[in-house]
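Student: Just passing along the structure, written as structure tokens.
The values are calculated or read from the model by the stated rules, or taken from the named source; none is laboratory data. As the structure is a computational prediction, the values presented were derived from the model and not from experiment. Cβ sites come from the backbone with ideal geometry, for glycine too, and all protein chains shown count toward neighbours.
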Amino acid sequence: MILIGLAAASCTKTEVISPSLGTIHQTLVSNLESNYAFSLFDYALKKTGLNQVIAGQTAYTLLVPDNDAFGRDSIFSTADLDKLDTGYLRRWIGYHIVPGNITVASVSQTVNNPYLSVTGQTLYFSRPIPGPAQRQTAGIDEILHINGDTVNTPDISVSNGTIQVLNRPLRLPVASVQAYLAANAQYSVFVTALKNFGLWDQLSGPGPVTVFAPDNNSFAYYHITPDSVARMDTNTYYVNLFSVYVSTPSRIFITDFPDIGVGNFQSYYTINNVYSWSLYSNNGTGGLVDPGNFYIPGIGSPEPTTWTDENAITLNGVVQGIDGLLWVPGQQIK
Amino acid sequence: MKKYFAIVPALLLLVACRKYAEGPATLSGGAPAYLRVFNVIPFALTPFNSAGTTPFFTFLFDPQMDAQGIPKGGAIVGDFLGTRQLYCTSYSINEGNGLNASLDTAVKTAINYEYPGEAHVLAAPPINGFDLSAWAQVPSGKHRVLFISRPQTDTPFASLSGTIRKSIVIDTTIDLQAGEVYTLEAVAKNLDSNLYGAYLRQEQFIHQSFSDSNMYVGLFNLSGKPSAINPAATGSYPDSMDVNCTYYYFDDISNNANGSSSGSFYLPVPGFNNALLTTLNGTMATTTQYLPLPILPNSYNYDEQGIFRKYYGYGQGNSTYGTLPNIHLYFTNANLSGGFSLNPIEVDFDLDPALINDVQPYLLNSVTNQGISAHNNQTQFQASMSLFSNFTGTIRAYPCVNVLEIVYNTIYFMRIQPAFYNTTNR
């Protein structure tokens with residue numbers, strides 16, 4: 001009889017739940033309050049009154065930049081947060097709150113899955129896609145990227161939601177790619193070029209559009225001034241000279257490259273069907289590209305072109321700042 | 001006390017008998033039709049076009065919805081449906097492996113290369129002398145089928161989030177006639193605009209007569225609209241193509257004269273030296289002409305010492321040059337003049353069918369292996385077209401129907417073979 005009992009009991013396996021940073025007995029609010037690493041986010045929530053939004057039984061997912069993450073954006077104390085306009089702070093922090101329980105496993109295994117924050121603005125969740133070109137193999141089921149940002153600690157479950165801990169605070173979307181470029185002086189030469197070649201107006205349209213924006217230093221290296229760009233004759237130069245930086249329809253975050261998986265020396269992408277890019281790993285040794293280790297081989301540049309201003313999200317796309325030109329004018333003469 | 005000792009083993013035996021859940025003995029609907037399902041959508045996502053689907057699906061036949069209208073299952077659930085293997089047969093080629101088991105060491109999660117594959121379902125009986133046990137019995141009539149993009153994880157479909165379960169990529173209705181054999185494939189229709197669809201082919205080979213002296217080859221082109229910019233379409237087969245054939249046999253005399261170290265020496269079978277086999281026009285055709293290729297006398301398959309010759313050993317050096325008769329097909333764009341001189345796509349059917357699926361498919365295709373620089377003169381390798389069996393005690397070639405399906409730059413091979421257990425084929 002005992003043996004039968006044992007045999008029967010052995011069929012029932014008790015599910016073991018691994019301990020995590022959060023426990024089911026905590027709420028979103030109590031978890032934030034009890035974790036010093038989240039103190040800046042907790043402060044910002046309370047200051048903006050958004051802590052009331054997440055205080056009930058309704059499930060929310062908090063995308064929490066911990067204090068280290070805020071530090072990467074030069075916010076080190078509550079005093080730094082106090083310097084921000086409260087209205088702006090509320091919109092910014094609100095962008096980090098998403099209705100529902102969003103665990104990594106619940107997100108489709110592809111890039112740029114749209115989710116709406118409580119502010120009504122869209123967030124883009126991405127997961128790596130397994131395959132021969134995928135290099136993020138360790139813990140692949142726990143990797144989550146949001147708007148090109150990395151989730152460092154995924155899936156902290158509490159009784160009324162989930163916390164995803166971000167590597168950096170999310171960037172609040174600005175009105176358009178055009179508005180972003182116009183508002184940032186380091187792109188002024190590029191803006192002049194876009195206007196001169198008739199590429200400017202589309203950047204305020206519905207998109208989505210991704211612009212790889214060379215900064216002013218990229219032009220200065222070749223002694224190209226704002227004045228000389230303005231005087232460039234479009235009858236002399238192909239529009240490809242600058243349309244190469246504009247990709248539409250697309251919304252490309254830098255993490256898309258490792259998440260989709262890019263083979264070194266094998267993958268070619270075309271922007272506006274006019275030019276193929278190849279992306280290489282920094283070590284240049286062949287094989288597959290390491291995640292987070294991309295550069296764009298700027299043609300004629302002294303050094304590989306690298307990302308300088310990553311994942312600047314707008315309502316109609318993304319700006320990715322780069323520090324080199326892909327073509328110099330002499331290569332695009334009609 | 002003794003009787004308890006008798007009960008325990010009896011209980012254990014009862015428990016041990018139930019190893020897996022069997023498929024339903026009958027499905028509601030009409031008399032059986034026979035269905036096999038593949039996924040041939042290429043992985044075409046790039047950072048510049050990431051809106052396309054990831055070609056890894058759950059296939060639902062007669063789907064069932066939950067209260068929110070989101071699929072939760074179906075009369076048939078073909079889960080973890082990955083890209084089909086380069087070579088398959090008309091029976092379940094991997095039947096010794098468990099359902100969902102990955103046969104690729106690079107794939108760590110559950111995967112099935114087709115439905116039913118290794119699923120424990122009722123299969124088609126031999127029809128027209130062919131073993132069709134890779135086709136599942138399904139009810140005839142009209143049925144809704146869905147292909148839903150799902151993560152490459154071990155989580156079964158029903159346990160996935162609602163967000164994922166509603167990622168329907170293909171939603172269509174198929175009409176199946178009782179007793180007919182159908183092959184259903186998830187295909188890409190346009191990689192640039194991310195359009196996908198279902199291709200359903202009612203197989204003709206069960207209604208045709210074939211000679212025992214030949215093997216047959218039939219070609220289909222299941223490519224979508226050509227894409228100039230997507231890497232997945234690099235080096236694609238043309239929409240209209242001339243298919244030439246060279247049928248080689250091993251030349252022992254030349255080989256002996258030159259020494260085996262310098263390679264292997266083949267001569268073409270008379271009448272099959274770069275001979276035009278057929279012209280293939282258009283895509284997504286559901287019928288084709290099955291073209292005869294002679295089965296050579298069995299002596300061609302044995303060397304001078306009476307030893308069965310070798311398949312070509314891909315990527316294993318000179319020591320594995322093949323010596324068996326083999327067939328090369330050359331595909332040229334029929335709309336361009338110049339014919340054979342125009343850098344054809346060459347497909348060498350000379351690998352061991354038992355081993356070909358052990359090699360990563362992209363390695364067997366010079367375009368996907370070497371990148372865009374190999375755009376011309378691309379070479380691909382496929383399994384030998386000859387069906388060798390020692391069914392009667394001596395290895396010899398048997399008649400078979402070889403179905404070749406072209407999808408952009410890849411060629412898939414499905415061999416329909418005789419039902420050897422059917423005594424009429426002895």
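Student: For the range A:145-166, check the following and say yes or no: at least one residue is within 10 Å of chain B (Cβ to nearest Cβ) and closer than 20 Å to B:PHE56 by Cβ.
Tutor: No, the range A:145-166 contains no residue that is within 10 Å of chain B (Cβ to nearest Cβ) and closer than 20 Å to B:PHE56 by Cβ.
Student: Tell me, yes or no, whether the range B:151-167 has at least one residue that is modelled with pLDDT of 95 or more, under 21 Å from the mean Cα position of the chain (by Cα) and either within 22 Å of B:MET414 (Cα to Cα) or within 12 Å of chain A (Cβ to nearest Cβ) (or both).
Tutor: no
Student: Specify the residue that is surrounded by the fewest Cβ atoms within 10 Å (Cβ to Cβ); the eligible residues are those in the range A:111-138 that are free of Cβ contacts under 8 Å to residues at least 40 places away in the same chain and within 12 Å of another protein chain (Cβ to nearest Cβ).
Tutor: In this case the residue turns out to be A:ALA138.
Student: Moving on. Return yes when A:SER108 is polar (S, T, N, Q), more than 10 Å from every other protein chain (Cβ to nearest Cβ) and free of Cβ contacts under 8 Å to residues at least 24 places away in the same chain and no when it is not.
Tutor: no
Student: Turning to a different aspect of this structure: Please go through the range A:170-208 and give me each residue that is among the hydrophobic types (A, V, I, L, M, F, W, C), in contact (Cβ under 8 Å) with a residue 40 or more places away in the chain and within 30 Å of A:LEU62 (Cβ to Cβ), ordered by number.
Tutor: Those that are among the hydrophobic types (A, V, I, L, M, F, W, C), in contact (Cβ under 8 Å) with a residue 40 or more places away in the chain and within 30 Å of A:LEU62 (Cβ to Cβ): A:LEU170, A:LEU172, A:VAL174, A:ALA175, A:VAL177, A:ALA179.
Student: Pick from the range A:210-261 the residues that are in a loop (DSSP other than H, G, I, E, B), within 13 Å of another protein chain (Cβ to nearest Cβ) and hydroxyl-bearing (Ser, Thr, Tyr): which of them is farthest from A:GLY198 (Cα to Cα)?
Tutor: The qualifying residue farthest from A:GLY198 (Cα to Cα) is A:THR255.
Student: Select from the range B:54-85 the residues that are in a loop (DSSP other than H, G, I, E, B), closer than 30 Å to B:LEU351 by Cβ and within 14 Å of another protein chain (Cβ to nearest Cβ) and list them in ascending order.
Tutor: Within the range B:54-85, B:THR54, B:PRO55, B:PHE56, B:GLY82, B:THR83 qualify.
Student: For the range A:147-195, give me each residue that is surrounded by fewer than 19 Cβ atoms within 10 Å (Cβ to Cβ) and part of a helix (DSSP H, G or I).
Tutor: Passing the criteria: A:ALA179, A:ALA182, A:ALA183, A:ALA185, A:GLN186, A:SER188, A:LYS195.
Student: Further, regarding this structure: Can you tell me how many residues in the range B:215-271 are part of a strand (DSSP E or B) and either at positive phi or basic (Lys, Arg) (or both)?
Tutor: The qualifying residues number 1.
Student: Hey, another quick one. Inspect the range B:8-18 for any residue being surrounded by 13 or more Cβ atoms within 10 Å (Cβ to Cβ) and modelled with pLDDT of 90 or more and give the result as yes or no.
Tutor: No, there is no match, as no residue in the range B:8-18 is surrounded by 13 or more Cβ atoms within 10 Å (Cβ to Cβ) and modelled with pLDDT of 90 or more.
Student: Can you confirm whether the range B:81-102 contains a residue that is hydrophobic (A, V, I, L, M, F, W, C), buried (at least 18 other Cβ atoms within 10 Å of the Cβ), modelled with pLDDT of 95 or more and more than 20 Å from B:PRO353 (Cβ to Cβ)?
Tutor: Within the range B:81-102, one or more residues are hydrophobic (A, V, I, L, M, F, W, C), buried (at least 18 other Cβ atoms within 10 Å of the Cβ), modelled with pLDDT of 95 or more and more than 20 Å from B:PRO353 (Cβ to Cβ).
For every residue, the table says whether it meets (1) in contact (Cβ under 8 Å) with a residue 60 or more places away in the chain; (2) part of a strand (DSSP E or B); (3) more than 18 Å from the chain's Cα centre (by Cα).
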site: B:ASN94; (1), (2), (3): no, no, no
site: B:ASN97; (1), (2), (3): no, no, no
site: B:ASP104; (1), (2), (3): yes, no, no
site: B:VAL107; (1), (2), (3): no, no, yes
site: B:ALA119; (1), (2), (3): yes, no, no
site: B:SER133; (1), (2), (3): no, no, no
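Student: Counting only residues that are surrounded by 14 or more Cβ atoms within 10 Å (Cβ to Cβ) and either more than 26 Å from the chain's Cα centre (by Cα) or not assigned by TED's automatic domain parsing to the domain that holds A:THR308 (or both), how many does the range A:196-218 have?
Tutor: Within the range A:196-218, residues that are surrounded by 14 or more Cβ atoms within 10 Å (Cβ to Cβ) and either more than 26 Å from the chain's Cα centre (by Cα) or not assigned by TED's automatic domain parsing to the domain that holds A:THR308 (or both) number 2.
Student: Is it the case that the range B:50-64 has a residue that's modelled with pLDDT of 90 or more, in contact with a helix residue (DSSP H, G or I) (Cβ under 7 Å, 6 or more places away or on another chain) and not assigned by TED's automatic domain parsing to the domain that holds B:ILE356?
Tutor: yes
Student: Quick check on this structure: which one of A:TYR95, A:TYR60 is touching a Gly at 6+ places or on another chain (Cβ under 6 Å), surrounded by 19 or more Cβ atoms within 10 Å (Cβ to Cβ) and away from chain B (no Cβ under 14 Å)?
Tutor: A:TYR60
Student: Another question, then. Every residue in the range B:24-49 that is surrounded by fewer than 16 Cβ atoms within 10 Å (Cβ to Cβ) and either modelled with pLDDT under 80 or within 14 Å of chain A (Cβ to nearest Cβ) (or both), please.
Tutor: Those that are surrounded by fewer than 16 Cβ atoms within 10 Å (Cβ to Cβ) and either modelled with pLDDT under 80 or within 14 Å of chain A (Cβ to nearest Cβ) (or both): B:PRO24, B:ALA25, B:THR26, B:SER28, B:GLY30.
Student: Here's a follow-up. For the range B:186-194, state whether one or more residues are touching an Asp or Glu at 6+ places or on another chain (Cβ under 7 Å), crowded, with 23+ Cβ neighbours inside 10 Å, more than 14 Å from every other protein chain (Cβ to nearest Cβ) and not polar (S, T, N, Q).
Tutor: The answer is no, given that none of the residues of the range B:186-194 is touching an Asp or Glu at 6+ places or on another chain (Cβ under 7 Å), crowded, with 23+ Cβ neighbours inside 10 Å, more than 14 Å from every other protein chain (Cβ to nearest Cβ) and not polar (S, T, N, Q).
Student: Moving to a separate point now. Would you call B:ASN221 more than 14 Å from chain A (Cβ to nearest Cβ), in contact with a Pro (Cβ under 8 Å, 6 or more places away or on another chain), in contact (Cβ under 8 Å) with a residue 60 or more places away in the chain and not hydroxyl-bearing (Ser, Thr, Tyr)?
Tutor: no
Student: Going by what's in this entry, would B:ALA123 be described as closer than 23 Å to B:ALA178 by Cβ, outside the structural domain of B:LEU387 (by TED's automatic domain parsing), in contact with a Leu (Cβ under 9 Å, 6 or more places away or on another chain) and among the hydrophobic types (A, V, I, L, M, F, W, C)?
Tutor: Criteria met by B:ALA123.
Student: I'd like to check which strands (runs of 3 or more DSSP E) are fully inside the range B:307-426 and have at least 2 residues that are at pLDDT 85 or above and out of contact with any Ser or Thr (no Cβ under 7 Å at 6 or more places or on another chain).
Tutor: The qualifying strands (runs of 3 or more DSSP E) are B:326-333, B:345-351, B:379-383, B:387-389, B:401-407, B:410-416.
Student: Sort out which residues of the range B:180-214 are over 25 Å from A:SER250 (Cβ atoms) and in a loop (DSSP other than H, G, I, E, B), and write them in order of number.
Tutor: Correct list: B:GLU180, B:GLU203, B:GLN204, B:PHE205, B:ILE206, B:HIS207, B:GLN208, B:SER209, B:PHE210, B:SER211, B:ASP212, B:SER213.
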